[in-house]
Amino acid sequence: YYDRKTDFLLEGDANRLGAKIMSLEDMVSKKWITIKKGHEVGSECYGTGDIPFVRTSDISNFEVSIDPTKSVSEEVYRSLSKEQNLKPGSILMVVDGRYRIGRCAILHEYNYRCIAQSHLRIISVSEKAPFTPFELLYLLSLASVQRDIRSLVFIQSTLGSLGSRIKEIKVPVPERKDSDFSQTVSVFTDALSQRAMLLSLLSKFDEATIEL
């Protein structure tokens, strides 16, 4: 699944950002990030409470859309919360499916109490990392990185899967963040944070009339 054009595009982004190309496996070995698999709760748990069960179809435009009919009980949440350890800044990446593989969302203080499906991977950024969760999210969304992810997808019958190859994903990590990069990510962070806050406010209205 080697794609020379992908390497060419990654090198271009690396030069533009003053970055070093690293794999997610490199970042794991440096203890900059951890990658965990989500869980399945079973359809019998749907509708038993108010805790969102986040599926691949709920990941769009860097945010989590919530389907109230798939929410689960506090008891189910407590049984998995310590293992998943979701918190503000956790990144959810789609790794199985059709066209959403590689898409990511970031959790905020308003929506981190949830359960991630097994077709998602939970990427957590440690304090040792030379980047913030929002910076990593921005880098993962680069067209060159998304192309690299697509080259790592294998088809099982009719559905695609990234599998353990998630650790092979290559990301240009800026070695020295210039003002342009910092300003871009600052605007990116503010936009996502403000939208999350506004969605949280909207969620307090009648759920029957508002789709989040």
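Worth a mention:
- Close pairs from segment 57-71: first within 16 Å of LEU192 (Cα to Cα) and open to solvent by 40 Å² or more (accessible area, probe 1.4 Å), partner part of a helix (DSSP H, G or I) and of a type outside the set (Ser, Thr, Tyr), Cβ under 6 Å, at least 6 apart: PHE62/LEU192
- Residue in segment 34-51 that is part of a strand (DSSP E or B) and within 25 Å of ALA191 (Cβ to Cβ) present: no
- Of all residues in segment 147-199, those being among the charged types (D, E, K, R), within 17 Å of the chain's Cα centre (by Cα) and within 30 Å of TYR2 (Cα to Cα) number 7.
- If you go through segment 119-134 and keep only what is of a type outside the set (Lys, Arg), in a loop (DSSP other than H, G, I, E, B) and in contact (Cβ under 8 Å) with a residue 12 or more places away in the chain, you end up with HIS119, SER126, ALA129, PRO130, PHE131, THR132.
- Within segment 28-47, residues that are farther than 21 Å from VAL72 by Cα reach partners that are of a type in the set (Gly, Ala, Ser) and in a strand (DSSP E or B) with beta carbons closer than 7 Å, at six or more positions or on different chains, in the pairs ILE33/SER124; THR34/SER124.
- Criterion applied to PHE181, PHE188 was being modelled with pLDDT of 85 or more and either open to solvent by 80 Å² or more (accessible area, probe 1.4 Å) or in contact with a Pro (Cβ under 7 Å, 6 or more places away or on another chain) (or both), and the one residue passing it is PHE181.
- Residue in segment 166-178 that is nearest to LEU92 (Cα to Cα), counting only those that are assigned to a helix (DSSP H, G or I) and open to solvent by 60 Å² or more (accessible area, probe 1.4 Å): LYS167
- Summed over segment 77-97, residues that are touching a residue at least 60 places away in the same chain (Cβ under 8 Å) and open to solvent by less than 10 Å² (accessible area, probe 1.4 Å) total 2.
- Selection count, segment 111-148, where residues are among the aliphatic types (A, V, I, L, M), more than 19 Å from ILE33 (Cα to Cα) and surrounded by fewer than 18 Cβ atoms within 10 Å (Cβ to Cβ): 1
- Residue match in segment 173-188 (condition: free of Cβ contacts under 8 Å to residues at least 24 places away in the same chain and at positive phi): no
- Residue within segment 151-162 that is modelled with pLDDT of 95 or more, in contact with a Ser or Thr (Cβ under 8 Å, 6 or more places away or on another chain) and not in a helix (DSSP H, G or I) present: no
- Check on LYS31, open to solvent by 70 Å² or more (accessible area, probe 1.4 Å) and either among the basic types (Lys, Arg) or in contact with a helix residue (DSSP H, G or I) (Cβ under 9 Å, 6 or more places away or on another chain) (or both): yes
The values are calculated or read from the model by the stated rules, or taken from the named source; none is laboratory data. All figures in this text were calculated on a predicted structure; none of them were measured in a lab. Note that each Cβ is placed from the backbone with ideal geometry, even for glycine, and that neighbours are counted across all protein chains shown. Areas reflect the complete protein model, heavy atoms only, side chains present, ligands, DNA and RNA absent. Shrake-Rupley method; radii C 1.70, N 1.55, O 1.52, S 1.80 Å.
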